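Worksheet for the structure shown next.
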Amino acid sequence: MDFIQASRGTRDILPDETLYWQHVEAVARQILQRAAYREIRTPIFEQTGLFERGIGEATDIVGKEMYTFDDRGHRSITLRPEGTAGAVRSLIENKLYAQGGVQRLWYTGPMFRYERPGAGRQRQFHQIGVELFGSRNPRADAEVIALAADLLQTLALEDWVLAINSLGSFEDRQDYRSALVRYLEPYKDDLDPDSQQRLYRNPLRILDSKDPNTQAIAQDAPKLQAFLSSESREYFEQVLHLLEALQIPYQLDHCLVRGLDYYTHTAFEFKLVELGTQGTLCGGGRYDRLVAELGGPEVPAVGWAIGLERLISLLQGRLDLDPVSPDVYLVARGQVAEEQSLTLARALQQRHFAVELDLSGSAFAKQLKRADRSGAPLCLVVGEAEAEAQQVQLKWLASGDQQMRSQAELMEQANILREKINLAKSPKRL
């Protein structure tokens, strides 16, 4: 019988790789908590209308990539393709905005898009994201950008470029959209197929097409900056000034529009230089209209999301993370000894020792070889004689030193044992 494989576009994250995921999540949690961001966990599926209204029906995500199905109650359900819409829905439904002031939220988890799987791109993928609700101050934009920069730098990913642009207000974008369509219409037949479909649905996305011919046509298109109001220009200049004050380098990219309809004003991407056009690690921007469009009050917001698959694939080539070795490896042989070893292991774990219990029942020589390979500094040995005397043999694996202790004494001296294990695990100094 053939075994069942993982679905295309999904993959298992095995224990050796999980170390990198845990490392990234721990660094992100520490950085975001220090900045007063609180974690939110939203469902992985929502009503389809949330994404149609929130992301925009004209976007590729809604038009081509969503996993949508009818549940048994004949309701249209979609696996979340991104995290912002769900966070906004939760903000509205739970009236988090009523708490007043600024709401700083962050999340991590799986997202789903039906697209061609490739390097760093899966149909089930994962993101870490932040959302700052309740401030229309340019400092909010600079704050979230700085958090992304700090996260990447802490993870030793320093060779990045921050590309940034202003999309202006909603009214600015509408005026520009009309002018862009008028410019592109005579070239409609010369555009790539995707851009032809976007011409009337989402024309701004044509500006970041990767097709060389479309790029050449778009090069002489009207520039969004010419349609920005004085208020929009002033806002963007303040954001750039704050980034300079924070010593965060940036590059203006007037073709950067992002792929979602809800963005206004600031839009940005962090790109890794070595990966070229495929090197986007983090993307985000301001979305002041989204909360109101989804049925809530007028609450301004700004945020970003980082794709973890691509980020972690880069870290695996730059960081060497070793599995956490146990403090104690516990071996036993004989029925009574094996029962006592289980009790000993649990008692030590309850005292916050990391204990690996050998369950093989094989000869002591084989068990001790596994103890050496485990990386534990201490091996506890319980044989028939030790079990009868309620004792345990301590074997320090690096030096070979051995001592016999009663099992009760071992527990009474747990703090001393902890100090010795920590010393044995600490890097040796020259």
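Val324 meets all of the listed conditions (1) closer than 30 Å to Leu157 by Cα; (2) of a type in the set (A, V, I, L, M); (3) surrounded by 13 or more Cβ atoms within 10 Å (Cβ to Cβ) but one, namely (3). Count of region 384-430 residues, restricted to those that are closer than 20 Å to Thr343 by Cα and assigned to a loop (DSSP other than H, G, I, E, B), is 3.
Scanning region 387-403 for residues that are within 17 Å of Ala365 (Cβ to Cβ), over 44 Å from the mean Cα position of the chain (by Cα) and surrounded by 12 or more Cβ atoms within 10 Å (Cβ to Cβ) returns a single hit, Gln393. Taking the conditions exactly as written (open to solvent by 50 Å² or more (accessible area, probe 1.4 Å), touching a strand residue (DSSP E or B) at 6+ places or on another chain (Cβ under 9 Å) and closer than 14 Å to Val328 by Cβ), does Asp372 satisfy them or not? It is true that Asp372 is open to solvent by 50 Å² or more (accessible area, probe 1.4 Å), touching a strand residue (DSSP E or B) at 6+ places or on another chain (Cβ under 9 Å) and closer than 14 Å to Val328 by Cβ. Kindly establish whether Gln153 is polar (S, T, N, Q) and either in contact with a Ser or Thr (Cβ under 6 Å, 6 or more places away or on another chain) or farther than 17 Å from Gly283 by Cα (or both). It is false that Gln153 is polar (S, T, N, Q) and either in contact with a Ser or Thr (Cβ under 6 Å, 6 or more places away or on another chain) or farther than 17 Å from Gly283 by Cα (or both). Go through the residues of region 344-366 one by one and say whether even a single one is surrounded by fewer than 22 Cβ atoms within 10 Å (Cβ to Cβ) and among the aromatic types (Phe, Trp, Tyr). Checking region 344-366: at least one residue is surrounded by fewer than 22 Cβ atoms within 10 Å (Cβ to Cβ) and among the aromatic types (Phe, Trp, Tyr). Of the residues making up region 209-267, those that are open to solvent by 80 Å² or more (accessible area, probe 1.4 Å), modelled with pLDDT under 95 and assigned to a loop (DSSP other than H, G, I, E, B) number 5.
Identify the residue in region 144-168 that is open to solvent by 20 Å² or more (accessible area, probe 1.4 Å), touching a strand residue (DSSP E or B) at 6+ places or on another chain (Cβ under 7 Å) and at pLDDT 90 or above and, among all such residues, is nearest to Gln225 (Cα to Cα). Checking each candidate, the answer is Val161. Among residues of region 297-347 being among the acidic types (Asp, Glu) and more than 30 Å from Phe170 (Cα to Cα), the one that is modelled with the lowest pLDDT is Asp322.
Residues checked against (1) over 30 Å from Leu319 (Cα atoms); (2) open to solvent by less than 50 Å² (accessible area, probe 1.4 Å); (3) in a loop (DSSP other than H, G, I, E, B):
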site: Val24; (1), (2), (3): no, yes, no
site: Gly49; (1), (2), (3): yes, yes, no
site: Gly54; (1), (2), (3): yes, yes, no
site: Ile61; (1), (2), (3): yes, yes, no
site: Lys64; (1), (2), (3): yes, no, no
site: Ala85; (1), (2), (3): yes, yes, no
site: Ile92; (1), (2), (3): yes, yes, no
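The values are calculated or read from the model by the stated rules, or taken from the named source; none is laboratory data. Values in this document were obtained by computation on a predicted structure and should not be read as measured data. Positions of Cβ are backbone-derived with ideal geometry, glycine not excepted, and every protein chain shown enters the neighbour counts. What goes into the accessible areas is simple: the full protein's heavy atoms, side chains included, and nothing from ligands, DNA or RNA. Shrake-Rupley method; radii C 1.70, N 1.55, O 1.52, S 1.80 Å.
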